[in-house]
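The values are calculated or read from the model by the stated rules, or taken from the named source; none is laboratory data. All values reported here derive from a predicted model rather than from experimental measurement. Reconstructed Cβ throughout: ideal geometry from the backbone, glycine too, with neighbour counts over all protein chains shown. In case anyone asks, the SASA skips ligands and DNA or RNA and just uses the protein heavy atoms, side chains included. Shrake-Rupley method; radii C 1.70, N 1.55, O 1.52, S 1.80 Å.
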Amino acid sequence: MRPGITSVILPVAFILLFPALLILLDGGWAFGDDLSSLDLSGRIVPYLVMPLFGIVLLARALLRRNGVRTFRLDRFARANAFSYTAREDGPRLPGMIFARPGETSAFSTDIVRRESDPSFVVANHTLATGSGKQRREYRWGYVALRLNTPLPHIVLDAQRNNAWGASSLPLSLASRQQLSLEGDFDRHFALYCPEGYEADALYLFTPDVMARLIDSAALFDVEIIDDYVFLYSQEEISTLDPARWQQVLAAVDVFCQRVAQWERWRDDRIEVDAPTERAGDAVPYSARRTGVASQGRRLAGRSNLWRVVLIIPVVIVLYGLFNAMFFR
């Protein structure tokens with residue numbers, strides 16, 4: 001998306017104005033004084049840093065405004081029988097990155113779509129909360145693959161993009177829902193499914209699917225919710241980087257090849273539409289109702305209060321060490 005001209009000029013103007021004010025304050029200059037009397041010898045480098053930084057920001061913003069990125073992504077989309085849209089406000093999608101308490105605005109940019117079956121969308125997403133000094137922006141890249149039938153809520157938390165043992169996902173999930181799978185899959189993903197849906201998760205994530213996910217999708221967090229499969233990254237997914245697109249399309253291919261099998265899944269907890277001939281007869285597959293029972297539609301979250309509880313004693317210990325070292 002091309003930034004507005006105001007958003008380009010104002011930050012750079014403030015950055016360029018700041019060193020000028022420093023020079024005036026540092027030199028004790030006042031109106032009517034001769035600027036040639038200011039002695040800046042030995043201090044010129046610090047004053048040059050901010051202007052150079054401002055020039056770099058200006059050049060970067062102007063390059064984004066020239067439309068090259070939009071043109072190249074549109075050309076890429078057309079060459080691969082996709083469509084391209086520069087921006088969409090407030091996409092109505094059920095994934096965890098698309099809603100946050102205190103949300104004030106949300107939009108997706110650089111949206112590349114494939115309309116053929118199965119359809120999918122590749123885009124970058126920005127969500128803002130609060131205003132003024134409390135304003136925060138959260139940026140994600142995502143892939144949204146549409147299914148023809150709802151599935152239980154399942155999340156695969158990729159271990160490779162976690163930091164300091166903390167998940168990169170925007171929501172914390174209750175640990176009782178974590179399902180350990182065979183082989184070394186747990187080294188690459190933490191899989192969460194609703195309680196009671198463990199067998200369903202094993203049906204969806206067979207050993208061959210797990211092996212392909214490790215090979216092709218270990219860089220992405222995965223969320224299955226309602227009739228969508230989402231892939232998330234805290235870095236841009238819709239980019240001009242060919243290597244990044246190869247990663248994305250390889251991961252999408254893993255799920256596209258499983259769509260037909262996954263769409264045969266049925267939730268036995270839902271009443272069937274067609275009565276059986278005799279009580280106790282097995283319900284034929286064709287008579288089973290599609291959908292997910294209420295207990296399988298959403299995973300349970302977890303409070304982050306435990307982090308605060310752990311941080312408090314650490315801070316106390318560090319404070320004690322600091323006092324012992326410098327004030328004894």
Residue in segment 240-260 that is part of a loop (DSSP other than H, G, I, E, B), within 20 Å of the chain's Cα centre (by Cα) and either of a type in the set (D, E, K, R) or modelled with pLDDT of 95 or more (or both) present: yes
Number of the condition not met by residue 157 [criteria: (1) over 27 Å from residue 227 (Cβ atoms); (2) touching a residue at least 24 places away in the same chain (Cβ under 8 Å); (3) among the acidic types (Asp, Glu)]: (1)
Search result, residues across segment 207-229 that are more than 14 Å from residue 169 (Cβ to Cβ) and in a strand (DSSP E or B): 226, 227, 228, 229
Candidates 211, 251, 217 - the one that is closer than 20 Å to residue 179 by Cβ and surrounded by 17 or more Cβ atoms within 10 Å (Cβ to Cβ): 217
Selection count where residues are in a strand (DSSP E or B), farther than 23 Å from residue 171 by Cα, open to solvent by less than 30 Å² (accessible area, probe 1.4 Å) and not acidic (Asp, Glu), scope segment 108-139: 3
